[in-house]
Amino acid sequence: MSGIRNVIDIAKGALLANQKAISVTSHNIANVNTPGYTRQRMILESNPPYFADRLKVGMGVRADSVVQYTDQFINRNIHQKTSLLKEYETKASVLSQMETIFNETNEQGLVRAMNEFWNAWQDVASNPGGFSERTALLAKGEVLTRRFQSMNESLYQIKREMNTNLKLSIREVNRLVKQIAELNEKIVFAESDQTAANDLRDQRANHIEQLSELVGNVYLTDQHGALTVMSEDGMILVDGKYYWELSQDGNAIYWNGIASDISRKLQNGKIGAWLDLRDETIPEYIANLDELAGTLMREVNTLHLAGYTLSGETGKYFFENFKTAPDTPNASDFTGAASYIRLSSDVKGIPANIAAGGVSGAPGDNENAMRILSIQTDGSIQIRKWNFDQRGASILSTLQAETLDDYYRMLVGEIGVLTDESAENQQFTQAFLAHLSELRDSVSGVNLDEEMVELMKVQRAHEAASKLVAIADEMLQSLLEMR
Amino acid sequence: MRVATRSFYQGIQERILRLSGDLKRINEKISSGKNVNRPSDDPLSLIDSLGLKASLSQLEQYQRNMKRGESWLNMSESVLSQTLQLVDRAQEIAIQMASDTQSGESRTYAATEVGHLLDQAISLGNTRLGGSYIFSGYRTGTAPFLKVTVGGIETAQYDGDANDFRILIGKGEELTVGKNGQAVLMDSGIFDTLGRLKRALEDNDRSAIGQQIDQLRGAQDDFNNGIADVGARTSRLEGKREILNYLDLNLKERLSQIEDADYARVVVELREKELAYQAALLSSTRIAELTILNYIR
């Protein structure tokens, strides 16, 4: 009897095990497009044998465990590269916005406004007594100063956007670290019976990936399966079920409410990119544009003051004079010059007060106009080039001698190179990440064809086990029918 | 390698997106006709093209300056030649009237004519160009020559200054286009000489008439030199203009090489990408049809 009963037990176990296997396969099929899903497989194990006299007889099959196919090394790599990709992607998109401010390929650029300004001086030099030439010069001067002002305003606007973006993403970071801490707790609890909490782990990995998009991080797992998450230089965000939130106050970012700016510790990811742009790239461009505007004001005013107006007066400003230190812009600190630059009250609306004359201001005297217009081609103008490094912790300037045109051209060229570089970095990292994702999916991703074959395999096994029950039943029948 | 179903579809998406990005860029080049549509397209070319544009704008301005300079020079030349003709006529009169055969009456008539010549010379000296007196130095708003009588002799007084009017015809290259009236007219003594001649004719003073003949000869030399000088400056201007025209053409050509899209190349590129795009779509749909689901009931 024990032999036949054993067959029925084996068949029952096989039916149950295969049913479980089918549900695992179905789970895979159902999650074929779920982001971050790691395919699972039922591990079947044969039951230990029982001893029939001297013989060891097998006791059928049982479902041992459900395992995930995952490669931690690839995952870690993907998270790192995701941070980098998001950093480059964000930089490329903001830089291409900045690029449109400096886009000199169209006809409205600063270069054109400067060219027209100098040409207007030439026209005045050709006919120093002419009112229409003088009026045209004031109009071109107005256009030039407006251009400086609007470029400056656009740069500040992008800078302000960075802070808005940071505010939203910090809220997102806080949400993620909280969820990761909660999942840590759930996973430790669920795995206390030595079974893997596969789907919770998938969820947590997903959250880590989302966190990596925002800011670069490192993590390690403890023996209970809980994660410890830190920023790249070791500032702790999650440890087991505990988590620490970030908060923003103006330009500063605080950790755990402690009023000490930790923004320089946040690298990579979108947050790292926005901080780099906010504290390095954008202020550098603002400073250099200020420098250009301030130098133009200084050069033109110095000559203009010494010249004579049509009525023979001297000591008139062309651009509004600098403020006195400590207010800026002043004669040695051009901060804010690009928004401050405007026609002086001496000349605004009074074309006769343009000091075109060098000796008397008589209507044919063009000597000073000739001096001023030669600023355009003067390659010995002293102008500072600013360089913001380490998020503004290191601000250096180098004094250069070149024409104002060349200085500005260099700024345009640099933004082009910078944008191009970020776009290229982005493409490269994207290709790299795509490759890593493919590698990960080759391990962890679901292949439908494979699952279908698996399904057929399990189905056949289930069919066979059902048949086994029928056969055991027949055997019992024939025993019972014996007389 | 094992390929997950998801990464297969992702691959298709990425490839098609990349190709559509390429197509968009090519389309932008074709529709704008420009190779560089934003600084990052080609930063170095952009820096070059901005430099070229600034140079072109300067060149155009120099050409405009030169046009104005040319009218100054032409005007000076025409005033000087007319004044020279006027001196020639005075010379004729002086020689004729110095002869003893002339009566006092005819000398009186001649005196009137010389008086007209003096008025004409003064009015030529007060020639204006677009509202500016061209012989006043910097004082272009003031008539430079005023008829005065000094010691019973009619002459002109100079009210301009001693500056010359210059324009820019190249980087740091100035050209004097308006010499002041003192140098051009006053220094030749033309007004004094005409005044004295008139007085001598009125006084019927033969020897004084004879003295003015030499003076007029000196003035003729001065004006001839003056005309030659204007001519020299005009030809310098023309030479410069030719150089600028050549430069202008050259710069425009270089600018076009940098900026303008090479249509033949871009269109070929477009064909290539189009083909790749179609191929990607085709192979993607073909492969997507391959599934075991087609073979099991």
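The values are calculated or read from the model by the stated rules, or taken from the named source; none is laboratory data. In this text the structure is predicted, and so the values were computed from the model without any measurement. When we count neighbours, we look across all protein chains shown, and the Cβ atoms used for this are built from the backbone with ideal geometry, even at glycine.
Which one of these is part of a helix (DSSP H, G or I) and under 39 Å from the mean Cα position of the chain (by Cα): B:207, B:235? So that I can check it myself, show each step before the final result.
On the way: B:207 fails: under 39 Å from the mean Cα position of the chain (by Cα).
From the options B:207, B:235, the qualifying one is B:235.
Out of segment B:22-56, which residues are within 9 Å of chain A (Cβ to nearest Cβ), of a type in the set (Lys, Arg) and in contact (Cβ under 8 Å) with a residue 60 or more places away in the chain?
B:34, B:53
Take residue A:327 and tell me if it is of a type in the set (Asp, Glu) and within 23 Å of residue A:288 (Cβ to Cβ). Give the derivation first.
Details: of a type in the set (Asp, Glu): yes; within 23 Å of residue A:288 (Cβ to Cβ): yes.
Taking the combined requirement at face value, the residue satisfies it.
What do you reckon, is residue A:47 in contact with a His (Cβ under 7 Å, 6 or more places away or on another chain), farther than 28 Å from residue A:211 by Cα and not aromatic (Phe, Trp, Tyr)? Working first, answer last.
Working: in contact with a His (Cβ under 7 Å, 6 or more places away or on another chain): no; farther than 28 Å from residue A:211 by Cα: yes; not aromatic (Phe, Trp, Tyr): yes.
Answer is no for this residue.
Scan segment B:34-51 for residues that are in a helix (DSSP H, G or I), among the aliphatic types (A, V, I, L, M) and surrounded by 19 or more Cβ atoms within 10 Å (Cβ to Cβ) and jot them down.
Applying the first criterion (in a helix (DSSP H, G or I)) to segment B:34-51 yields B:39-41, B:43-51.
Those still in the list that are among the aliphatic types (A, V, I, L, M) too: B:44, B:46-47, B:50.
Residues satisfying the conditions are B:46, B:47, B:50.
List, please: which pairs have Cβ atoms under 7 Å, are six or more places apart or on different chains, and start with a residue in segment A:406-425 that is at the interface with chain B (Cβ under 7 Å from one of its Cβ atoms) and within 19 Å of residue A:381 (Cβ to Cβ) and end with one that is of a type in the set (Phe, Trp, Tyr) and buried (at least 21 other Cβ atoms within 10 Å of the Cβ)?
A:412/A:102
Scan segment A:434-452 for residues that are in a helix (DSSP H, G or I) and at the interface with chain B (Cβ under 7 Å from one of its Cβ atoms) and jot them down.
Filtering segment A:434-452 for residues in a helix (DSSP H, G or I) gives A:434-444, A:448-452.
Scanning segment A:434-452 gives A:434, A:437, A:438, A:441, A:442, A:448, A:449, A:452.
Looking at segment B:152-180, which of its residues are within 15 Å of residue B:70 (Cα to Cα), of a type outside the set (A, V, I, L, M) and within 9 Å of chain A (Cβ to nearest Cβ)?
Scanning segment B:152-180 gives B:165, B:166, B:174, B:178.
Confirm whether residue A:81 is in contact (Cβ under 8 Å) with a residue 24 or more places away in the chain, more than 20 Å from residue A:286 (Cα to Cα) and surrounded by fewer than 22 Cβ atoms within 10 Å (Cβ to Cβ).
Numbers: in contact (Cβ under 8 Å) with a residue 24 or more places away in the chain: yes; more than 20 Å from residue A:286 (Cα to Cα): yes; surrounded by fewer than 22 Cβ atoms within 10 Å (Cβ to Cβ): yes.
Taking the combined requirement at face value, the residue satisfies it.
Do you know which residues across segment B:31-55 are within 28 Å of the chain's Cα centre (by Cα), more than 23 Å from residue A:94 (Cα to Cα) and not acidic (Asp, Glu)?
Across segment B:31-55, the qualifying residues are B:49, B:50, B:51, B:52, B:53, B:54, B:55.
The rows are residues; the columns are (1) of a type in the set (Val, Ile, Thr); (2) in contact (Cβ under 8 Å) with a residue 40 or more places away in the chain; (3) not assigned by TED's automatic domain parsing to the domain that holds residue B:196.
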position	(1), (2), (3)
B:81	no, yes, no
B:89	no, no, no
B:128	no, no, no
B:131	no, no, no
B:141	no, no, no
B:151	no, no, no
B:155	yes, yes, no
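Which of the residues spanning segment B:145-181 are surrounded by 23 or more Cβ atoms within 10 Å (Cβ to Cβ) and either assigned to a helix (DSSP H, G or I) or of a type in the set (A, V, I, L, M, F, W, C) (or both)?
Within segment B:145-181, B:145, B:156, B:165, B:167, B:168, B:177, B:181 qualify.
Being within 16 Å of residue A:315 (Cα to Cα), touching a residue at least 24 places away in the same chain (Cβ under 8 Å) and more than 14 Å from chain B (Cβ to nearest Cβ) is the filter here; which residues of segment A:341-386 pass it?
A:343, A:344, A:345, A:346, A:347, A:348, A:351, A:353, A:354
Could you say which residue among B:219, B:264, B:279, B:228 is among the aliphatic types (A, V, I, L, M), without any contact (Cβ under 8 Å) to a residue 12 or more places away in the chain and closer than 30 Å to residue B:78 by Cβ?
On the way: B:219 fails: without any contact (Cβ under 8 Å) to a residue 12 or more places away in the chain; B:264 fails: closer than 30 Å to residue B:78 by Cβ; B:279 fails: closer than 30 Å to residue B:78 by Cβ.
From the options B:219, B:264, B:279, B:228, the qualifying one is B:228.
Among B:59, B:80, which is more than 12 Å from chain A (Cβ to nearest Cβ) and at pLDDT 90 or above?
Details: B:59 fails: more than 12 Å from chain A (Cβ to nearest Cβ).
Unique residue meeting the criteria: B:80.
Looking at segment A:180-192, which of its residues are touching a Phe, Trp or Tyr at 6+ places or on another chain (Cβ under 9 Å) and surrounded by fewer than 20 Cβ atoms within 10 Å (Cβ to Cβ)?
A:182
Hey, can you tell me all the residues within segment B:57-67 that are surrounded by fewer than 17 Cβ atoms within 10 Å (Cβ to Cβ) and either touching a Pro at 6+ places or on another chain (Cβ under 6 Å) or in contact (Cβ under 8 Å) with a residue 60 or more places away in the chain (or both)?
Filtering segment B:57-67 for residues surrounded by fewer than 17 Cβ atoms within 10 Å (Cβ to Cβ) gives B:60, B:63-64, B:67.
Residues satisfying the conditions are B:60, B:63.
Can you confirm whether residue A:473 is part of a helix (DSSP H, G or I) and within 14 Å of another protein chain (Cβ to nearest Cβ)?
Values: part of a helix (DSSP H, G or I): yes; within 14 Å of another protein chain (Cβ to nearest Cβ): no.
No.
Here is a check on your reading of the model: is residue B:111 assigned to a helix (DSSP H, G or I), of a type outside the set (S, T, N, Q) and surrounded by 22 or more Cβ atoms within 10 Å (Cβ to Cβ)? Give the derivation first.
Details: assigned to a helix (DSSP H, G or I): yes; of a type outside the set (S, T, N, Q): yes; surrounded by 22 or more Cβ atoms within 10 Å (Cβ to Cβ): no.
Criteria not met by residue B:111.
If you go through segment B:1-21, how many residues are at the interface with chain A (Cβ under 7 Å from one of its Cβ atoms), among the aliphatic types (A, V, I, L, M) and out of contact with any Lys or Arg (no Cβ under 9 Å at 6 or more places or on another chain)? Walk me through it before giving the result.
Pass one, segment B:1-21, residues at the interface with chain A (Cβ under 7 Å from one of its Cβ atoms): B:1-7, B:14.
Checking which are among the aliphatic types (A, V, I, L, M) leaves us with B:1, B:3-4.
Next cut, out of contact with any Lys or Arg (no Cβ under 9 Å at 6 or more places or on another chain) only: B:1, B:3.
Of the residues in that region, 2 qualify.
Report, by residue number, each residue of segment B:10-33 that is among the hydrophobic types (A, V, I, L, M, F, W, C), closer than 25 Å to residue A:439 by Cα and buried (at least 16 other Cβ atoms within 10 Å of the Cβ). If you could, list the steps in order and put the result at the bottom.
At the first step, the residues of segment B:10-33 found to be among the hydrophobic types (A, V, I, L, M, F, W, C) are B:12, B:16-17, B:19, B:23, B:26, B:30.
If we keep only those that are closer than 25 Å to residue A:439 by Cα too, we end up with B:12, B:16-17, B:19.
Result: B:12, B:19.
Assess whether residue A:55 counts as being surrounded by fewer than 20 Cβ atoms within 10 Å (Cβ to Cβ) and either of a type in the set (A, V, I, L, M) or away from every other protein chain (no Cβ under 13 Å) (or both).
On the way: surrounded by fewer than 20 Cβ atoms within 10 Å (Cβ to Cβ): yes; either of a type in the set (A, V, I, L, M) or away from every other protein chain (no Cβ under 13 Å) (or both): yes.
Yes, satisfied.
Which pairs do you get when a residue that is more than 14 Å from chain B (Cβ to nearest Cβ), found in segment A:119-148, comes within reach of a residue that is surrounded by fewer than 24 Cβ atoms within 10 Å (Cβ to Cβ) and of a type in the set (Asp, Glu), reach meaning Cβ atoms under 8 angstrom, with the pair 6+ apart or on two chains?
A:143/A:116
Return the only residue of A:190, A:205, A:293 being within 30 Å of residue A:444 (Cα to Cα), more than 22 Å from the chain's Cα centre (by Cα) and in a helix (DSSP H, G or I). First the steps, then the outcome.
Values: A:205 fails: more than 22 Å from the chain's Cα centre (by Cα); A:293 fails: within 30 Å of residue A:444 (Cα to Cα).
Only one candidate qualifies: A:190.
What residue, of B:282, B:293, B:249, B:201, is part of a helix (DSSP H, G or I) and within 14 Å of chain A (Cβ to nearest Cβ)?
B:293
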